[in-house]
Each structure stands twice: as structure tokens, then as C-alpha cells.
Amino acid sequence: MKSIQIRARTVAEAIRLALQELGKDRDEVAIEVLEQGGGEDEALVRVTSVDDDDDAGLPAAAAEPAASAARSTRGRAVAPGDLEVIARRVLEELLQHMDISGFVTAVRSTVPDQRGEPEETITLHVEGVDEDAMGLMIGRRGDTLRSIQFMVNLIVQRQVHRWPQITVDVGNYRQRRQESIEALARRMAERVRQTGRPLMLEPMGGYERRIVHLVLRADASVYTESSGEGEERKVIIYPSRTAG
């Protein structure tokens, strides 16, 4: 787990430089905007690596710095209803620029963050789009959807002066993908138990690798590790060292 602070002309540029230095993608970090910047002043961000298995065996106290960064509420207070309205309007405008017809609903909920800590998030559900538009929004392995989500968070934070926790979903893709990965993880874990041999999964993004680690964390018969770099990073499921 590593945290760095970067100054740059804009928040987006500072985040890009931090990701480049950490060698992480947007799904593997917690972002805290320390200074908004503007005019002659540079923006300052703190980016903390919260990769899928960096803290697999650590106590909760060791994960608290990253969790605190993710929950940061620096900047002026924004009423919950206002934040939802702002986020919805930002996504609606992006969809218009993409020439996609649909409507957006905002749902506020509390979900576990990357460390399992409770975190309040807003999920923007895009509905009423056809299959072609849905495929365009999701992209390969959900890459386009993650980019749209990052852009929404970036634009909203400029208005509320803190990094929001906004998730974008279309056609319930994220829920279906999560259920699919959980089922895959359990099937592969069963195969590892039967054969006693490690098994490597296909390359996945940080969000998807975390699903595998979390769903198998309570299974004492196996353990998981991530291997590889960048887009080729993948999860390996091993038989437990104490098995047998």
C-alpha cells in the first residue's frame, strides 16, 4: 500500500501523473483532492494504492489510512440531494454528447469499500437505452463504463470541491458481472480443492480481481494472490498451505 501527493495544472493531470507513478489504474486507488487549483495555483491530489490483495493478511488498522482517504469530505458541505442532482445532470449531459438516449436515476446506498469499510455511494443507473448503446457504454471488459464513471466523478468534484463516490451502471451490468465473477471464483476454487494444484484466472481489472479475493477470503481451503502487470494482471488461486 503506497500513497503519494502530486501537484499539476489540473486535478485530472495530477491524477494521471499519480497513476503513472504508482503503476496503477483508476480501480486500484483512492483519490483525495487536497487543493482544487485554478488560475495560477496548481491542483494537489493524494492518491493511495488500494490494490486488490495489498492488505490481504493485514489487520483492519493497517488499512485505515486508505479508507480514511476514500471517505474524505474535504471542501464545502453539499446536501445529499444536491449531490445526486449534480451527478445525474453531469451524466445526462455526457450521454447527450455520446448521442445516447436514456434516462438516469440516482440511488444512494452504503456499501463496503475496497477495505470492507462502510462507504456512502451514489449509483447512477442508466435505463431505457437499446442494446447497441448499452454495448457502446460498457466497452471491452467494462473499460468504457469505467472511463465514463471516472469522468463523472472528475466533473462533479470540480463543483463540490471533494472527490465524490459515484458509480455508473447500465442495464445492471455491474451486478450481473459481479455475480458472474463470484460464481467463477467459487467454481475455480472447487477445482483447486479437487486437484490440489494452483489455477490462474484470465486477466481482470482491479475491481474484478477484488471480487475474487473477497469472495474467497473466508474459504480456508484456498488463498489468492495477484500476478502480472497492467492489463495482464490476474488472480491465481492456490490450495491452502495447511490443507491436507
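The values are calculated or read from the model by the stated rules, or taken from the named source; none is laboratory data. What you see is a predicted model; the values in this text were computed from it and never measured. Cβ coordinates were reconstructed from backbone atoms using ideal geometry, including for glycine residues, and neighbour counts include every protein chain displayed. Surface accessibility is based on the protein's heavy atoms, side chains included, excluding ligands, DNA and RNA. Shrake-Rupley method; radii C 1.70, N 1.55, O 1.52, S 1.80 Å.
Listed values, structure above:
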item: Hey, residue 133 of a type in the set (Gly, Ala, Ser), modelled with pLDDT of 65 or more and part of a helix (DSSP H, G or I) or not; result: yes
item: Matching residues, the stretch 25-48, being closer than 25 Å to residue 234 by Cβ and surrounded by fewer than 20 Cβ atoms within 10 Å (Cβ to Cβ); result: 25, 26
item: Residue identified as out of contact with any Pro (no Cβ under 9 Å at 6 or more places or on another chain) and open to solvent by 80 Å² or more (accessible area, probe 1.4 Å) among 190, 182, 208, 229; result: 229
item: Filtered residue count, the stretch 211-225, keeping only those that are open to solvent by 20 Å² or more (accessible area, probe 1.4 Å) and either under 22 Å from residue 48 (Cβ atoms) or not β-branched (Val, Ile, Thr) (or both); result: 9
item: Qualifying positions in the stretch 8-23 - surrounded by 14 or more Cβ atoms within 10 Å (Cβ to Cβ), part of a helix (DSSP H, G or I) and not small (Gly, Ala, Ser); result: 11, 13, 15, 16, 17, 19, 22
item: Single residue of 235, 152, 156, 168 found to be under 27 Å from residue 127 (Cβ atoms), touching a residue at least 24 places away in the same chain (Cβ under 8 Å) and not in a helix (DSSP H, G or I); result: 168
item: Residue in the stretch 218-232 that is nearest to the chain's Cα centre (by Cα), counting only those that are outside any strand (DSSP E or B) and at pLDDT 90 or above; result: 219
item: Of residues in the stretch 152-166 being open to solvent by less than 40 Å² (accessible area, probe 1.4 Å) and of a type outside the set (Phe, Trp, Tyr), the one nearest to the chain's Cα centre (by Cα); result: 166
item: Inter-residue pairs, beta-carbon under 6 Å, first assigned to a helix (DSSP H, G or I) and in the stretch 27-46, second charged (D, E, K, R) and open to solvent by less than 30 Å² (accessible area, probe 1.4 Å), 6+ apart; result: 28/51
item: Condition met for residue 241 (open to solvent by 20 Å² or more (accessible area, probe 1.4 Å) and outside any helix (DSSP H, G or I)); result: yes
